[in-house]
1. If the chain between Ser223 and Glu30 were fully stretched, how many nm would it gain, using 0.36 nm times the residue separation less the Cα-Cα distance?
2. State to the nearest 20 debye the size of the charge dipole of the stretch 11-404 about its Cα centre, where the only charges are +1 on K and R beta carbons and -1 on D and E beta carbons.
3. Around Gly350, what is the net charge, scoring Lys/Arg as +1 and Asp/Glu as -1 over all other residues with Cβ under 14 Å from its Cβ?
4. Please order Cys151, Cys20, Cys354 by the number of other Cβ within 10 Å, starting at the fewest.
5. Using Cα-Cα distances under 8 Å and only pairs 6 or more residues apart, what relative contact order does the stretch 11-404 have, in percent?
6. Tell me the net charge near Leu398. Cut-off is 12 Å between Cβ atoms, Leu398 excluded, with +1 for each Lys or Arg and -1 for each Asp or Glu.
7. If we count every other residue with Cβ under 15 angstrom of Val197's Cβ, Lys/Arg +1 and Asp/Glu -1, where does the sum land?
8. What order do you get for Glu280, Glu298, Glu30 when you list them from fewest to most C-beta neighbours inside 10 Å?
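Read-outs throughout are calculated quantities, based only on the coordinates presented, and are distinct from any laboratory measurement. These numbers were taken from a predicted model, which means no experiment stands behind them. With ideal geometry, Cβ positions are generated from the backbone for all residues, glycine too; neighbour counts draw on all protein chains shown.
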Amino acid sequence: MTASQPFSEPIEMAPHLSGCPYEAYARLRETGGVHQAVKPSGGRVWVISRHADVKALLSDPRMSIEARNSHHGYQGFGLPPALDEHLMNVDDRAHARLRRLVSSAFTPRRVEAQRERVQAAVDRLIGTIAPNGHADLVTELAAPTPVAVICDLLGIPESDGAAFQAYTRSLMTPNDPNRPATGDLVAGLHTCLVDLVERKRAEPADDLLTAMITARDGDDRLSENELTSLAFLILWAGFETTVHLIANGIATLLSEPRLADLVRKEPDPHTPRMAALVEELLRRDGPMLTAIRRFPLEDLRIGERVVPAGETVLLAIGSANRDPQYITDPDAIEPDRDRAASGHLGFGHGPHYCLGAPLARMEVRTALWTAVHRLPNLTLALPEQDLPWKLDHRQHALTALPVTFMAQVVNANHSAFPDS
């Protein structure tokens, strides 16, 4: 079958549109860009694959994010209000209100204040693995980095970080046969968050959760359910996306030596060239294959097809970012691209654009630069084509990233390393 021949609909999302579905995405774009697919659970969805359509629909007020506008009884994770009243579940005025209140706490100053802490967290982690000469950079760097950063940002004690990570990761893997029952996970996470909010009220500190508790917009403030729901969202979004972006980014650098050489020439993680590289990694190898589901409030003509009101729509960010109608040579990482072509959708677009994007970018720059500079002869421990990708239509995500490097001795606090 050639690239221009259509799939037979409905398309099976697993395996066709899961893991590394970029050849399949190209076929979708070339055959209309709007197709019906079926999820492993059996539910049917519409997949939108062209950049122009995806970008327009991400900011179209006729596309609702609220489950109540589904005509097919969409339930999502079925979380209770104590964990579900957050930015990614409400539209329009309700969304603008929550974002206004959270933005007053999530200031640029607070994010910038994390720079040294992010570097220290990455240094500690790399200092731990440096003497070994080998590592799985998913479990030993990519996963623990955002956990440390988000816990520090929210003011979660380090001793509680592992528990929060376990709860959120388990909730995001509903098909894992070894995970605890959803009800037990929800109850445990809710209890942890309520306890944390109570501790912050009793002992306020200079952290994001305290700022959210005290945030005001006139007489308006966050309710208890909104506080715990937003804390849950920050934990989940700040953890899951950044883990995969760090791992994907390192895998790309090690698969394309010219990019690793580029990083080696940069004097620190925060140069304009490092920033441009991360934008390209976000565009081509970003972890989110699809945006969170939407539901049309009316019948919508998209391209040559009409999507009925209330249907579930998945906007394929992973396809849009590789659309040759949007960008020349989309499968190449080119940090020197014209800035005018940098309108990728890796962090979304429109009113639901990721609030934590600046922090995630900082974490990724820091982790990539430090790994390349502080682990001499860093190399993939298996062929690129054998890297294990999660079979998931939502995420382009590695399950492991085995590497080798020159083992080295570091000092006790892991604060100094010889350059490679």
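1. Working: separation 193, 0.36 × 193 = 69.48 nm, distance 4.70 nm.
That works out to 64.8 nm of additional length.
2. 440 debye
3. So the environment of Gly350 carries a net charge of 0.
4. Details: Cys151 23, Cys20 15, Cys354 18.
Fewest to most other Cβ atoms nearby, the residues stand as Cys20, Cys354, Cys151.
5. Details: 604 pairs, mean separation 112.7, N = 394.
Rounded, it is 29 percent for the stretch 11-404.
6. So the surrounding residues net to -4.
7. -4
8. Glu298, Glu30, Glu280
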